[in-house]
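The values are calculated or read from the model by the stated rules, or taken from the named source; none is laboratory data. Please read these numbers as outputs of a predicted model, since none were measured by experiment. Using ideal geometry, Cβ is built from the backbone for each residue, glycine included, and neighbour counts are taken over all protein chains shown. All accessible areas refer to the heavy atoms of the entire protein, side chains included, with ligands and DNA or RNA removed. Shrake-Rupley method; radii C 1.70, N 1.55, O 1.52, S 1.80 Å.
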Amino acid sequence: MHDIRAIRENPQAFDAALQKRGSDAMSSQLLQLDAERRNKIAEAETAQAEQNRASKEVGAAKARGDDAEFERLRGLVAEKKAEVARMQAEAAMLDDRLRQMLLGIPNLPLDDVPVGNDENDNVEIRRWGTPREFDFEPVEHFEIAGVKPGMDFETAAKLSGSRFMMLKGSVARIHRALGQFMLDLHITKHGLEETWAPVLVLEDMMLGTGQLPKFGEDSYQTREGFWLVPTSEVPLTNTVNGDLIDQSTLPRRMVAHSQCFRSEAGSAGRDTTGILRQHQFEKVEMVSITDAENGLPEHARMTRCAEAVLEALELPYRTVVLCTGDMGFGARITHDIEVWLPGQDKFREISSVSYCGDFQGRRMNARYRPEGGGKPVFVHSLNGSGLAVGRALIAVLENGQQQDGSVQLPAALHPYLAGATRLTASGQLA
């Protein structure tokens, strides 16, 4: 959420940053509403002062036996009291309208984020690995002979409808091994704290990280009012919701492996085959809570943590900076990491690593107490996939596929599969 004081100080810069994102200028509407709110607060304070003054005079009139003045002043106090209550209610209504407007405005991009409209304007910053040259035509993951016994789309559709998957046997085991491997790497090599968090959260938690109010249709809500998390970003980031913490405890680096749920609203017809885009999936999610000075270094560090997973799995990838028109709602800058999928003959996103500045901290009212003293400061937050487990499974299967329908598995997974090095053409681990 944005600071209305910063908008007052430089409305032109605020509008210019929004327009880079393809959003309309908003400062004039916000500042008009803010002025009405502040005027109403001032009027309420003036009326309150008049009420207090009249209240003192009531006692003086009674003490000197001036009954007429006493009754007049008592009526004036009642009148001012009602006037104050009305003005305070109007000010509260205006304050809520302003807050709701601010909650619906996306974060402002950093100055060096490339300006553009969509994914075609993203800027590649590095590549790692060389896509394998096949002496046969590679196929997509669900077409590999050894994979077919372990991906049961028919039963999943019977149970839950479209965009659900059922993994079985060896493929389910490889999927589980990937999640375990990612967690272990982040914990032992990258110093993240393993966290097991709820996947049902309160509405305020979705507000805190920016999924609400604007993107409610992208998530699922239960009858009781809980929301199913789209990723563990929501519970992990909100661990500091409403807190005032010491700067010495920062950064807080967390990682969680969880089920995730997305309605995929607006994605009809996209990636409907295979398991690339599902309503229910697993992710290993990284979240950092840091101070204002270390947000960008932490973003570079988190990006490297995600890239390291792909390197350990021997999967070629490229890293891009998202342009202003392709960034998520809460981000100031985002690095997308795209893994090479030979079955599609293209790079596909497997991780988004975003730095949000104090955007989420302000929404959550999460602050830290500076070590050198001074006023509390809103925390800065970051989140990133480390990685999407299902997409990593796709990449491992497609890049390791052999002409006979078997799959050669990366060495990093062998210890998690009791020493098995491949998936046979019949779907067994060997």
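Taking region 381-396 as the range and being under 22 Å from PRO131 (Cα atoms), open to solvent by 10 Å² or more (accessible area, probe 1.4 Å) and under 17 Å from the mean Cα position of the chain (by Cα) as the test, only ALA388 passes.
In region 112-141, the qualifying residues are those that are in a helix (DSSP H, G or I) and open to solvent by 50 Å² or more (accessible area, probe 1.4 Å), and the one that is farthest from LEU276 (Cα to Cα) is ASP121.
Taken over region 354-369, the criterion of being open to solvent by 10 Å² or more (accessible area, probe 1.4 Å), part of a helix (DSSP H, G or I) and touching a helix residue (DSSP H, G or I) at 6+ places or on another chain (Cβ under 6 Å) is satisfied by ARG363 alone.
Within the set of pairs 6+ apart or on separate chains, which have a first residue in region 112-132 that is without any contact (Cβ under 8 Å) to a residue 24 or more places away in the chain, a second that is charged (D, E, K, R) and surrounded by 11 or more Cβ atoms within 10 Å (Cβ to Cβ), and C-beta atoms under 9 Å apart? From region 112-132, the pairs are ASN120/ASP326. Take the conditions (1) part of a strand (DSSP E or B); (2) hydrophobic (A, V, I, L, M, F, W, C); (3) without any contact (Cβ under 8 Å) to a residue 60 or more places away in the chain; VAL320 misses just one of them, which is (3). For region 404-418, name all the residues that are open to solvent by 50 Å² or more (accessible area, probe 1.4 Å) and part of a loop (DSSP other than H, G, I, E, B). Within region 404-418, ASP404, ALA418 meet the criteria.
Within region 178-227, can you find the residues that are within 24 Å of ARG99 (Cα to Cα), open to solvent by 50 Å² or more (accessible area, probe 1.4 Å) and either among the polar types (S, T, N, Q) or over 18 Å from the mean Cα position of the chain (by Cα) (or both)? Result: GLN221, single match.
Right, ASN383: touching a Pro at 6+ places or on another chain (Cβ under 7 Å) and at pLDDT 95 or above or not?
In short, no.
Residue by residue, here is whether (1) over 23 Å from GLN278 (Cα atoms); (2) in contact with a helix residue (DSSP H, G or I) (Cβ under 8 Å, 6 or more places away or on another chain); (3) of a type in the set (A, V, I, L, M) holds:
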residue	(1), (2), (3)
VAL379	yes, yes, yes
LEU387	no, yes, yes
ARG391	no, no, no
ASN399	no, no, no
LEU413	yes, yes, yes
LEU417	yes, yes, yes
ALA420	yes, yes, yes
LEU423	yes, yes, yes
GLN428	yes, yes, no
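Please determine, by comparing only the residues of region 302-313 that are more than 18 Å from the chain's Cα centre (by Cα) and not hydrophobic (A, V, I, L, M, F, W, C), which one is most open to solvent (accessible area, probe 1.4 Å). Lay out the reasoning, then the answer.
To start, the set of residues in region 302-313 that are more than 18 Å from the chain's Cα centre (by Cα) comprises 304, 307-313.
Those left that are additionally not hydrophobic (A, V, I, L, M, F, W, C): 304, 307, 311.
Working: ARG304: 105, GLU307: 0, GLU311: 48 Å².
Selected residue: ARG304.
Annotation note: of VAL339, VAL389, VAL377, the sole residue that is farther than 28 Å from THR421 by Cα, at pLDDT 95 or above, touching a strand residue (DSSP E or B) at 6+ places or on another chain (Cβ under 8 Å) and hydrophobic (A, V, I, L, M, F, W, C) is VAL377. Number of residues in region 6-43 that are open to solvent by 50 Å² or more (accessible area, probe 1.4 Å), part of a helix (DSSP H, G or I) and in contact (Cβ under 8 Å) with a residue 24 or more places away in the chain equals 6. Of all residues in region 314-337, those that are crowded, with 20+ Cβ neighbours inside 10 Å and either under 17 Å from PRO138 (Cβ atoms) or among the aromatic types (Phe, Trp, Tyr) (or both) total 3.
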